[in-house]
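Please read the structure below before turning to the comments.
No lab work stands behind these numbers, since they all come straight from the coordinates. Just so you know, these numbers come straight off a predicted model, no measurement behind them. Note that each Cβ is placed from the backbone with ideal geometry, even for glycine, and that neighbours are counted across all protein chains shown.
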Ligand code: GDP
Ligand code: IMO
Ligand code: MG
């Protein structure tokens, strides 16, 4: 068998959590391969909303194995909090969750470094979630990071203190405002104590060589779904650098983030919203600054799942989508939050970027550094609620035309349509059938 991949095609928050949960019954294993608690993946069923940060979105299916892969970075404090909430809601994560020993740890001082570095950037700040993502991945590539597996060794505390000393020296050099040196509203010292308590709290989750486990599963004919975090436009190599996250969010990241061969990648589900959002700084060519943008934010409840920050909103950006469909080798398109456009008389899509006299149809290296005027195409809206519609055929004709126009522009039909946050508000139209296993 091959590993199917599900990932975001825009700037994150596309609805990956919901759709992973919907597809989970068709898989045996769900694995996260990159990112960390900067992610906030929302699932809704039985009238309850769950937000996951580190744990894969298949966790509510007790018979499915969920894996936090080696490419993920883990903050024990946030993971422990997630586990506690799951247990309060009747789940038993110790039975169906495992963590790669090779996953790197986010230390309390990584969060402080994130905070002081962002503060020092002033107007040029990335708009980071301040979860310590950049500093933890930096230590990984600097070959000085601590890994989950290190917790089991007798030398853990010593290694921790050595790295912490390096970090504190670096933090001091910023001469930071003491207010910045608080984490989750508490002092660094208190937070560090909770961090160590959290390591004990997560101790009943099995730590494994997940690359061996996953490859064995594939050999045994089990089906694996890799769940991405963030979105392709936040990819460290191909996103709107430097306003990106610090990992490879694209499908290539699955190979290094789980330890599987490129030959073992199967279907790639590319998830996008019927419009566009972005949290944090950086280019966003189709952004709306008027009441239409405000309406998208209101209708779509566009406030961050991790930070609560209002998300920037705009029309669907086809040049960016075309680019990310290409980078990821998407086989199946999944369109989310279609219902958010229900009340619009006209819906617009960005078909190109105008820079001076030139019109570009993809976000090239220089493109995003220029002031871009989006080329917009108007499409008639459907002006009726679609959240309770269950089949493609029953959807209003104007909606189907909008969807077909997107499929035509991307040369790939839209396979799945989400019409609301709930599990059952999902229309599976047809999968592409492009499997190569
Ligand atoms: P993720 O990070 O990609 O998992 O996405 P988030 O959970 O951060 O953000 C998606 C938000 O949209 C969540 O609040 C979901 O409950 C919600 N959502 C998902 N699909 C739909 C949909 O089809 N319609 C509406 N109205 N909301 C949706
Ligand atoms: P999910 O998985 C949306 C954004 C931040 C910031 C930039 C860098 O829920 O889609 P970082 O904390 O990684 O240093 O922040 O990336 N960002 C996200 N935006 N959804 C996410 O995750 C994000 N994770 C990071 O807002 O602009
Ligand atoms: Mg999110």
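For the peptides 34-42, 74-82, residues were scored by their other Cβ atoms within 10 Å and the scores averaged per peptide; the highest-first order is 34-42, 74-82. Per-residue extension of 0.36 nm, minus the Cα-Cα distance of residue 48 and residue 388, leaves a gain of 120.6 nm for this segment.
Normalised by the number of residues in the chain, what is the relative contact order in percent for Cα pairs under 8 Å and 6+ residues apart? Once divided by the residue count of the chain, the mean separation gives 20 percent. The overall shape of region 221-356 is prolate: from the C-alpha gyration tensor, with semi-axes ordered a ≥ b ≥ c, the ratio a/c is 1.5 or greater and a/b exceeds b/c.
Relative to one another, the C-alpha centroids of region 183-258 and region 391-428 are positioned 30 Å apart.
Can you tell which of 313, 350, 217 shows the greatest fluctuation in a Gaussian network model of the chain with Cα springs below 10 Å? Of the options given, 217 has the highest mean-square fluctuation. Remark: spin-label model distance residue 121-residue 173 equals 1.8 nm, labels positioned 7 Å along the Cα→Cβ axis.
For residue 186 and residue 85, compute 0.36 nm times the residue count separating them, minus their Cα-Cα distance, and round to one decimal in nm.
That pair, residue 186 and residue 85, stretches by 34.3 nm at full extension.
Summarising the label geometry, the points placed 7 Å from Cα in the beta-carbon direction at residue 431 and residue 143 lie 4.2 nm from one another.
On average over all directions, what projected area in square nanometres does region 102-197 have, based on the convex hull of its Cα atoms?
Projected area, direction-averaged: 6.4 nm².
Considering only Cα atoms, the convex hull volume of region 259-323 works out to 140 Å³ per residue. Across 306, 155, 324, mean-square fluctuation computed from a Gaussian network of the chain (C-alpha pairs under 10 Å connected) peaks at 155. Suppose we keep just the DSSP beta bridges with both residues in the chain; what percent of those would be antiparallel, to 5? Taking every DSSP beta bridge with both residues in the chain, the antiparallel ones total about 45 percent. Our helix-only sum for the chain, with -39,500 (n - 2.57) per DSSP H run of n ≥ 4 divided by its residues, gives a mean residue ellipticity at 222 nm of -9000 deg cm²/dmol.
Against the main long axis of the alpha-carbon atoms of the chain, helix 210-219 sits at an angle near 50°.
The ellipsoid that matches the Cα gyration tensor of the chain has semi-axes, each √(5λ) in whole angstrom, of 35, 26, 20, with the longest given first. Among 58, 300, 228, the largest mean-square fluctuation in a Gaussian network model of the chain (Cα springs under 10 Å) belongs to 300. Distance between the C-alpha centres of region 260-276 and region 99-156: 27 Å, rounded to the whole angstrom.
Taking the C-alpha atoms only, the angle from helix 397-410 to the longest principal axis of the chain is near 60 degrees. Taking the number of Cβ atoms within 10 Å of each Cβ as an exposure proxy, the fewest-first ranking of 351, 277, 346 is 346, 351, 277. Mean sequence separation of contacting Cα pairs (under 8 Å, at least six apart), scaled by the length of region 1-59, corresponds to a relative contact order of 33 percent.
Helix 108-121 and the longest principal axis of the Cα set of the chain meet at an angle near 50°. When the square roots of the Cα gyration tensor eigenvalues are ordered a ≥ b ≥ c, the ratio a/c for region 198-279 is 1.5 or more and a/b does not exceed b/c, which makes its shape oblate. For region 82-151, relative contact order (Cα pairs under 8 Å, six or more residues apart, normalised by length) works out to 39 percent.
Projecting label points 7 angstrom from Cα along Cα→Cβ for residue 424 and residue 365 puts them 5.3 nm apart.
Each DSSP beta bridge with both residues in region 294-437 is either parallel or antiparallel, and the antiparallel ones are about 75%.
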